[in-house]
Amino acid sequence: MASLFYERIALSKNKADMLTKAGQSLPEDRVSPAEEIKDPFVLEFLDLKDEYSESDLEDALIRHLEHFLLELGGDFAFIGRQKRLRVGGEWYRVDLIFFHRHLRCLVIVDLKLGKFTHADAGQMHLYLNYAREHWSRPEENPPVGLILCAQKDDALARYALEGLPNKVLAREYKLALPDEKLLAREIERTRKVLEARRRVV
């Protein structure tokens, strides 16, 4: 209940797989970044109004850091914000940096107000290459990129992110949970899908 699992199922694009995966847990399972980092994030606690900037979003996340860490999930530790890096003659800033204890790696977070684009993937790839060379420690795994965006087209994300040498995830954030009726409809629809799968097996 505390993790809002049912609400996440309603927002998830692959509800049946999410429910199936939730029921399977073996100690020898190796956890991947895609499994460890949820999708979508519900940032209702930020209380942002209709119009806000990326810096407003970042400031709100920092003000509510404890809530944001709980929303990210277990094992995240805050490292910093607006970390500067220089590549060639250009300066860049990474929005947020976390460390994930279970994955044993840095998680670089880039905040986007609008839709996910293929250019976002390229920018994150640059950040991760730099972080791996300059910020990661030898005993750590390669850093993971998390592009947190207001909207994500799954097909575009697949083609932009698949096959990259760095692990980059695009995840949506929502500023409010769906209403109760939508949630009930989605749970019922998912129940029917799962029942149909059981009959086939």
At R0 = 30 Å, how high is the FRET efficiency between PHE78 and ASP179 if r is their beta carbon distance? Nearest 0.05 is fine.
0.40
Long-range amide H contacts for LYS152: which residues qualify at under 5 Å (H placed 1.01 Å from N, peptide plane, sequence gap of 5 or more or a different chain)?
PHE116
Quick one: accessible area per residue over segment 102-201, 1.4 Å probe, rounded to a whole number of Å²?
58 Å²
In nanometres, the difference between 0.36 nm per residue of separation and the alpha-carbon distance of TRP91 and LEU69 is 5.1 nm
At 1.4 Å probe size, with the rest of the protein present, what percent of the exposed accessible area of segment 81-201 is carbon and sulfur atoms?
51 percent
Rounded to one decimal in nm, the spacing of the 7 Å Cα→Cβ label points at VAL193 and GLU140 is 3.6 nm
Before anything else, pin down the relative contact order of segment 115-171: Cα pairs under 8 Å, at least 6 apart, normalised by residue count, whole percent.
47 percent
What shape does segment 37-99 take by its C-alpha gyration tensor, where a ≥ b ≥ c are the square roots of the eigenvalues and a/c under 1.5 counts as rounded, a/b above b/c as prolate, and the rest as oblate?
oblate
Picking from VAL144, VAL107, VAL200, whose Cα lies most toward the positive end of the charge dipole for segment 89-201 (charges on Cβ: Lys, Arg +1; Asp, Glu -1)?
VAL200
Does segment 73-134 classify as rounded, prolate or oblate by the C-alpha gyration tensor (a ≥ b ≥ c root eigenvalues; a/c under 1.5 gives rounded; else a/b over b/c gives prolate, otherwise oblate)?
oblate
By its C-alpha gyration tensor, with a ≥ b ≥ c as the square roots of the eigenvalues, how is segment 63-181 shaped: rounded for a/c under 1.5, else prolate for a/b larger than b/c, else oblate?
oblate
Both in Å, the radius of gyration and Dmax of the C-alpha trace of segment 144-201 are 16.2, 42
Amide H neighbours of ILE147 at under 5 Å, excluding residues fewer than 5 places away on the same chain, with H built from the backbone geometry, are ASP110, LEU169, ALA170, ARG171
Accessible surface, 1.4 Å probe, highest first, among residues GLU51, GLU172
GLU51, GLU172
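The values are calculated or read from the model by the stated rules, or taken from the named source; none is laboratory data. Keep in mind it's a predicted model, so treat the numbers as computed, not measured. Note that we place each Cβ from the backbone using ideal geometry, even for glycine, and neighbour counts take in every protein chain shown. Remember, those area values only see protein heavy atoms, side chains included, never the ligands or the DNA or RNA. Shrake-Rupley method; radii C 1.70, N 1.55, O 1.52, S 1.80 Å.
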